Amino acid sequence: MSHASTSATAAAPAPVLAPPVAGRPGTRLSLVTAGGVAVGLFAAARLTGMVVVALTAWAAGRHPLTLLGRSWDAAWYLGIAAHGYGRTVYFAADIVHSDLAFFPLYPALIRVLTATTPLSGAGAGLLVSWTAAAVAAAGVYAVGARLHGRAVGTVLVLLWGLLPHSVVLSMAYTEPVLTAFAAWSLYAVLAGNWLWAGSLAALAGLSRPNGFAVAAAVLLAAACALRRARGRVTHRLWTGAALAPLGWTAYVLWVGRRSGDPLGGYFGVQRLWGSRFDFGRGSLAFVRTLLLRGDRFVFPMALLIVAAAAVLYALLVLDRAPLPLLAYTGVLLLIALGGSGFFESKPRFLLPAFPLLLPLARALVRTARARPWHATVVVAALAGLSFGYGAYLVVYARTPL
């Protein structure tokens with residue numbers, strides 16, 4: 001990523017948003033090595049999780065790669081990659097599932113791979129997801145290390161790879177793609193690289209509906225930098241801010257034009273899927289039903305994860321995290337809490353919200369330095385939960401991921 005010139009930096013001191021940890025030693029090579037260790041730990045965690053999924057699938061008489069590459073939303077993405085948009089499934093007058101609900105970047109990448117390699121659609125989807133997950137892990141490490149040092153960056157990556165729903169990072173889903181663009185866009189914002197930040201935010205907006213959270217973070221950070229510099233900023237900031245929302249906005253407007261309602265068409269498609277933003281009324285109604293009646297294991301677990309995310313966001317605010325991270329995670333949390341429909345999918349929607357894990361990562365690093373065995377037990381317990389629950393979700397749970 002290219003830095004602004006010396007004069008531009010003086011005009012708009014963007015790194016003030018989150019300066020690097022003072023006195024942190026090491027050369028560029030050692031930084032790369034430390035990041036490689038973090039990504040290696042993440043890869044080891046996810047490979048172990050996939051082994052557990054494979055063993056569980058074989059024991060149940062099912063094929064693990066089929067489960068990872070063709071389950072639920074993955075089938076819709078593969079259909080778009082193979083045939084383009086145009087598939088609609090009618091369940092009832094008010095329940096119509098259209099593939100226009102799915103953003104285009106991920107199926108486009110699958111289509112490129114299937115056209116240029118011998119890979120099948122599912123194989124290409126998994127390759128894109130696994131590659132994106134590794135790139136995302138590097139970005140998560142970069143953000144954590146810049147803010148709190150390499151140990152916190154490494155633990156942050158490990159915690160992200162051991163979330164209860166982290167099995168999704170090994171599937172043909174879009175969360176790894178969004179997180180990869182989001183992490184590096186946020187890192188670029190923290191470093192003051194506005195062109196990179198805006199460009200990556202635009203790509204994040206083409207990845208998923210909640211990818212707009214990245215653009216929101218970039219725009220808010222740019223507004224704060226503009227205010228501090230009293231309008232005397234480099235053109236890079238203006239250009240980055242202009243680029244940030246383009247991806248998300250372009251797709252939403254394209255769907256609207258295709259459906260005959262330029263501004264509301266995409267949201268109409270989502271409503272027919274049962275997804276709408278109703279300020280949490282649908283979520284509260286679902287929680288009330290769940291508490292009064294009880295339901296399958298997936299739903300109470302989803303409720304617990306969403307509640308934990310809200311608590312972690314409060315801790316992130318109390319820790320005075322940089323504003324771009326608060327904006328990004330706040331928008332993701334708002335969309336998850338305020339949206340109705342598919343309550344069981346809300347933990348997946350929060351997978352890209354990796355900054356929520358910063359307070360836990362810092363606490364675990366402190367614990368590891370004072371009581372190493374205590375930290376080891378915590379990580380082992382998280383790993384057991386992640387691997388076991390992930391296998392359950394993929395192989396046995398009958399609810400959408």
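Filter the stretch 250-308 down to the residues that are modelled with pLDDT of 85 or more and of a type in the set (S, T, N, Q), then identify the one that is most open to solvent (accessible area, probe 1.4 Å).
SER259
Using beta carbons and a limit of 9 Å, which pairs, at least six apart or on different chains, have the first residue in the stretch 122-135 and within 14 Å of ASP73 (Cβ to Cβ) and the second one open to solvent by 10 Å² or more (accessible area, probe 1.4 Å) and among the hydroxyl-bearing types (Ser, Thr, Tyr)?
From residues that are within 14 Å of ASP73 (Cβ to Cβ), the pairs are ALA122/THR66.
Any residue in the stretch 79-104 that's closer than 23 Å to THR249 by Cβ and modelled with pLDDT of 95 or more: show its pairings with residues that are open to solvent by 30 Å² or more (accessible area, probe 1.4 Å) and in a loop (DSSP other than H, G, I, E, B) at Cβ separation under 7 Å, as long as the two are six or more apart or on different chains.
From the stretch 79-104, the pairs are PHE103/LEU206; PRO104/LEU206.
Let's see how each residue does on (1) out of contact with any Pro (no Cβ under 9 Å at 6 or more places or on another chain); (2) part of a loop (DSSP other than H, G, I, E, B); (3) within 28 Å of THR376 (Cα to Cα):
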position	(1), (2), (3)
ALA133	no, no, yes
ALA138	yes, no, yes
VAL143	no, no, yes
VAL152	yes, no, yes
VAL167	yes, no, yes
THR179	no, no, yes
TRP184	yes, no, no
LEU190	no, no, no
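Any chance the stretch 194-206 includes a residue that's closer than 21 Å to PHE103 by Cβ, outside any helix (DSSP H, G or I) and touching a residue at least 12 places away in the same chain (Cβ under 8 Å)?
Yes, that holds for at least one residue.
Among the listed residues TYR313, TYR328, identify the single one that is buried (at least 16 other Cβ atoms within 10 Å of the Cβ) and closer than 24 Å to LEU385 by Cα.
TYR313
From the residues in the stretch 220-234 that are free of Cβ contacts under 8 Å to residues at least 60 places away in the same chain and farther than 14 Å from ALA197 by Cβ, which one is least open to solvent (accessible area, probe 1.4 Å)?
Out of the qualifying residues, it is GLY231.
Between residues in the stretch 243-272 that are of a type in the set (Ser, Thr, Tyr) and residues that are modelled with pLDDT of 95 or more, which pairs lie under 7 Å by C-beta distance while being six or more apart or on different chains?
Within 7 Å, the pairs are TYR251/PHE103; TYR251/PRO104; TYR251/LEU206.
Considering only residues that are among the hydrophobic types (A, V, I, L, M, F, W, C) and crowded, with 19+ Cβ neighbours inside 10 Å, look in the stretch 96-107 and name the one that is farthest from VAL177 (Cα to Cα).
In this case the residue turns out to be LEU100.
Test VAL365 against the stated conditions and say whether it is over 20 Å from the mean Cα position of the chain (by Cα), within 30 Å of ALA285 (Cα to Cα), open to solvent by less than 20 Å² (accessible area, probe 1.4 Å) and not small (Gly, Ala, Ser).
no
Given the conditions (1) basic (Lys, Arg); (2) farther than 20 Å from PHE42 by Cα; (3) surrounded by 22 or more Cβ atoms within 10 Å (Cβ to Cβ), which single one is not true for ARG348?
Going through (1) basic (Lys, Arg); (2) farther than 20 Å from PHE42 by Cα; (3) surrounded by 22 or more Cβ atoms within 10 Å (Cβ to Cβ) one by one, ARG348 breaks only (2).
Among the residues of the stretch 108-130, are any closer than 22 Å to VAL252 by Cβ, open to solvent by less than 10 Å² (accessible area, probe 1.4 Å), touching a helix residue (DSSP H, G or I) at 6+ places or on another chain (Cβ under 7 Å) and at pLDDT 95 or above?
Within the stretch 108-130, one or more residues are closer than 22 Å to VAL252 by Cβ, open to solvent by less than 10 Å² (accessible area, probe 1.4 Å), touching a helix residue (DSSP H, G or I) at 6+ places or on another chain (Cβ under 7 Å) and at pLDDT 95 or above.
The values are calculated or read from the model by the stated rules, or taken from the named source; none is laboratory data. Nothing here was measured: the structure is a model prediction, and the numbers come from that model. Note that we place each Cβ from the backbone using ideal geometry, even for glycine, and neighbour counts take in every protein chain shown. These accessible areas exclude ligands, DNA and RNA; they are computed on the full protein's heavy atoms, side chains included. Shrake-Rupley method; radii C 1.70, N 1.55, O 1.52, S 1.80 Å.
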